[in-house]
Amino acid sequence: MAKNWPLARRKKALQQRARILQGIRQFFIEKGYLEVETPHRIPTPAPESHIDAIPSDTWFLHTSPELCMKRMMAAGYEKIFQICQCWRERERGSLHLPEFTLLEWYRAGGDYHSLMEECGGLIRFVGRTIGLGQKLIFRGHEIDLSEPWERISVKEAFRCYSKISVAKALEQNLFDEIMVQDVEPKLGVAKPTFIYDYPAMRGALARLKQEDQTVAERFELYIGGLELANGFSELVDSEEQRRRFQLENRNRQSIGKCTYSMPDKFLDELDSMPPSAGIALGVDRLVMVFLNAEAIDEVVAFTPEEL
Amino acid sequence: MYTASDLRKGLKVIIDEEPYIVTAFEFSKPGKGQALYRTKLRNMITGLTIDRTYREGETFDPASLEERAMQFLYKEGDHYHFMDNQNFEQIIISEESLGDAKNFLIDNLNVEVLLFRDRAIGVELPNFVNLRVIKTETWVRGDTSKADFKPATLETGYVLRVPPFIEEGELITIDTRTGEFSKRVKE
């Protein structure tokens with residue numbers, strides 16, 4: 001028996017993980033996407049209220065490849081994807097690692113609803129490549145992967161699962177607590193669920209909905225109550241984006257966090273970006289769903305504590 | 001002073017003037033939202049558990065407890081008898097206050113008894129204890145169809161998962177912090 005038996009017994013999970021990664025690549029290559037790599041170490045992250053970057057010398061480890069990938073979109077790369085490590089400070093729990101693997105992809109011309117379609121297509125494709133049928137078991141739920149998947153707006157979800165409306169929740173500053181305790185456990189239990197149209201303040205880089213400026217064209221995918229992906233119709237107005245970043249920095253300051261400098265090159269180039277949609281999907285969590293794992297620790301070779 | 005990001009299983013904090021220990025801990029962060037620390041806390045005096053959710057930046061006072069070296073003597077109903085190694089005084093701690101520690105108490109085990117404002121409220125175990133397996137299924141060597149683990153019952157009645165090669169009557173080491181199998185003891 002190997003001395004490091006916790007690592008030895010993860011072999012099956014890591015073999016499945018490799019097949020899932022191959023399946024993801026195959027899906028995007030067949031769809032004509034270009035695989036790209038952007039630097040992991042960047043001068044400044046996108047200022048967002050609740051995402052903290054890990055400093056690396058005077059720069060930072062990226063929290064997602066979003067800024068660099070959007071600069072590529074602005075330079076005429078119209079369908080791109082990337083699978084890379086990302087870092088977020090102090091994020092550790094059974095569903096979080098401070099260093100985790102993110103899949104991010106962007107396409108010109110799409111909006112968030114077409115992206116939901118494509119995201120569903122990807123997960124069903126990967127499921128088939130690892131020999132999964134129409135159903136999967138995760139966290140004690142039997143989840144039916146056949147189309148169509150459930151779509152519910154944030155407003156409706158609060159109406160169905162919470163005691164107070166989304167407007168009240170925001171007013172009382174309880175949105176996150178209600179989301180975690182009452183709403184999330186109900187999402188994606190029979191079929192995967194896309195929850196969409198988030199309050200405008202919860203989508204710093206997303207386009208606002210034309211018919212209702214109080215919400216952003218942003219969605220999250222949940223399977224078995226687990227949040228897997230976050231996507232949106234991209235904001236491509238650099239002045240508006242700069243204002244949003246400044247607002248996020250003021251929020252950061254008010255809750256005692258450091259502020260980040262403006263990503264000026266990104267902002268300078270953003271106006272050349274065509275209307276697009278983009279999404280980030282947690283690869284470790286996708287592996288958890290396919291393997292019915294309880295903790296993210298079970299699907300990576302090493303956790304930080306094991307190093 | 002602790003902040004919410006220090007919360008983890010086993011941390012002891014003061015809430016409403018009483019000592020609590022974190023028994024379950026979940027870090028949550030709904031998409032683009034703030035970090036939430038969802039905890040179950042056991043009151044170290046009454047044994048009652050409460051659910052609390054904290055936000056990043058919230059602070060706690062640590063529950064400072066006095067520790068005294070004692071030896072576990074015997075169990076009588078749900079009363080556990082200990083002896084102070086210094087003055088040989090005997091004290092009783094209820095099963096409720098012991099919590100999970102009761103799973104790992106064998107006669108003559110040296111522990112640290114915790115006192116909060118001069119009242120015995122629980123014990124601190126060594127990180128590793130050796131306990132005997134009194135019941136487990138036998139494993140057919142080379143049979144790979146079975147799971148990676150099987151259940152085993154220890155002399156204290158505690159049931160845990162062990163690797164398939166562990167047999168009945170064997171002595172094994174348990175990590176008392178996680179309650180999990182650590183290694184087989186060569187006798």
Item to complete: Filter segment B:142-158 down to the residues that are surrounded by 14 or more Cβ atoms within 10 Å (Cβ to Cβ) and in a strand (DSSP E or B), then identify the one that is modelled with the lowest pLDDT.
Response: B:LYS150
Discussion item. Going residue by residue through segment B:21-43, is there one that turns out to be away from chain A (no Cβ under 12 Å), under 30 Å from A:ILE195 (Cα atoms), surrounded by 15 or more Cβ atoms within 10 Å (Cβ to Cβ) and touching a residue at least 12 places away in the same chain (Cβ under 8 Å)?
Written reply: yes
Discussion item. Taking the conditions exactly as written (farther than 20 Å from A:ILE279 by Cα and among the charged types (D, E, K, R)), does A:LYS209 satisfy them or not?
Written reply: no
Item to complete: Please specify each residue of segment B:44-63 satisfying the condition of being within 19 Å of the chain's Cα centre (by Cα) and buried (at least 16 other Cβ atoms within 10 Å of the Cβ).
Response: B:MET44, B:ILE45, B:ALA63
Item to complete: Select from segment B:44-61 the residues that are in a strand (DSSP E or B) and more than 14 Å from B:ASP16 (Cβ to Cβ) and write down the one among them that is nearest to the other protein chains (Cβ to nearest Cβ).
Response: B:THR53
Worksheet item: Quick one: how many residues across segment A:121-139 are in contact (Cβ under 8 Å) with a residue 24 or more places away in the chain and either part of a loop (DSSP other than H, G, I, E, B) or buried (at least 19 other Cβ atoms within 10 Å of the Cβ) (or both)?
Response: 9
Worksheet item: Looking at (1) within 14 Å of another protein chain (Cβ to nearest Cβ); (2) assigned to a strand (DSSP E or B), which is the only condition A:ASN173 fails?
Response: (2)
Worksheet item: Under the condition of being more than 14 Å from chain B (Cβ to nearest Cβ) and outside any strand (DSSP E or B), which residue from segment A:72-102 is nearest to A:HIS62 (Cα to Cα)?
Response: A:MET72
Worksheet item: Within segment A:71-114, which residues are polar (S, T, N, Q), closer than 19 Å to A:GLU306 by Cβ and either buried (at least 18 other Cβ atoms within 10 Å of the Cβ) or in contact with a Pro (Cβ under 8 Å, 6 or more places away or on another chain) (or both)?
Response: A:THR101
Worksheet item: Looking at segment A:43-70, which of its residues are assigned to a strand (DSSP E or B) and among the hydroxyl-bearing types (Ser, Thr, Tyr)?
Response: A:SER56
Worksheet entry | Residue count, segment A:1-23 (criterion: more than 18 Å from A:ALA293 (Cα to Cα), of a type in the set (A, V, I, L, M) and open to solvent by less than 100 Å² (accessible area, probe 1.4 Å)) | 1
Practice prompt. Being under 22 Å from the mean Cα position of the chain (by Cα) and among the basic types (Lys, Arg) narrows it down to one of A:ARG151, A:ARG159, so name that one.
Written response: A:ARG151
Worksheet item: Which one of these is touching a Leu at 6+ places or on another chain (Cβ under 7 Å) and of a type in the set (Val, Ile, Thr): A:VAL189, A:VAL180, A:VAL166, A:VAL154?
Response: A:VAL180
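Step by step: first the residues of segment A:229-245, then only those that are away from every other protein chain (no Cβ under 11 Å) and touching a residue at least 60 places away in the same chain (Cβ under 8 Å), then the one that is farthest from A:THR101 (Cα to Cα). Which residue is that? Give the steps one after another, and end with the answer.
Taking segment A:229-245 as the starting set, the residues that turn out to be away from every other protein chain (no Cβ under 11 Å) are A:233-245.
Of the ones still in play, those that are also touching a residue at least 60 places away in the same chain (Cβ under 8 Å) are A:233-234, A:245.
Working: A:SER233: 22, A:GLU234: 22, A:PHE245: 25 Å.
Here the answer is A:PHE245.
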Worksheet item: With (1) within 11 Å of chain B (Cβ to nearest Cβ); (2) more than 24 Å from A:ARG88 (Cα to Cα); (3) among the acidic types (Asp, Glu) as the list, and A:ASP212 as the residue in question, which single condition is left unmet?
Response: (1)
Practice prompt. Run down A:ARG88, A:ARG139, A:ARG92 and say which single residue is of a type in the set (D, E, K, R) and farther than 24 Å from A:HIS50 by Cβ.
Written response: A:ARG139
Worksheet item: Failed condition for B:ASN87, given (1) over 23 Å from B:THR178 (Cβ atoms); (2) at pLDDT 90 or above; (3) in contact with a strand residue (DSSP E or B) (Cβ under 9 Å, 6 or more places away or on another chain), with all others met?
Response: (3)
Discussion item. Quick check on segment B:107-121. Is at least one of its residues assigned to a helix (DSSP H, G or I), open to solvent by 30 Å² or more (accessible area, probe 1.4 Å) and over 26 Å from B:LYS183 (Cβ atoms)?
Written reply: no
Worksheet item: Of the residues that make up segment A:25-42, is at least one in a loop (DSSP other than H, G, I, E, B), surrounded by fewer than 19 Cβ atoms within 10 Å (Cβ to Cβ) and hydroxyl-bearing (Ser, Thr, Tyr)?
Response: yes
Discussion item. Out of everything in segment A:181-200 that is more than 15 Å from A:ASN230 (Cα to Cα) and modelled with pLDDT of 95 or more, what residue ends up being nearest to the other protein chains (Cβ to nearest Cβ)?
Written reply: A:VAL183
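The values are calculated or read from the model by the stated rules, or taken from the named source; none is laboratory data. Treat the numbers as computed from the prediction; the structure is a model and nothing was measured. Cβ sites come from the backbone with ideal geometry, for glycine too, and all protein chains shown count toward neighbours. Ligands, DNA and RNA are excluded from the accessible area calculation, which covers all protein heavy atoms including side chains. Shrake-Rupley method; radii C 1.70, N 1.55, O 1.52, S 1.80 Å.
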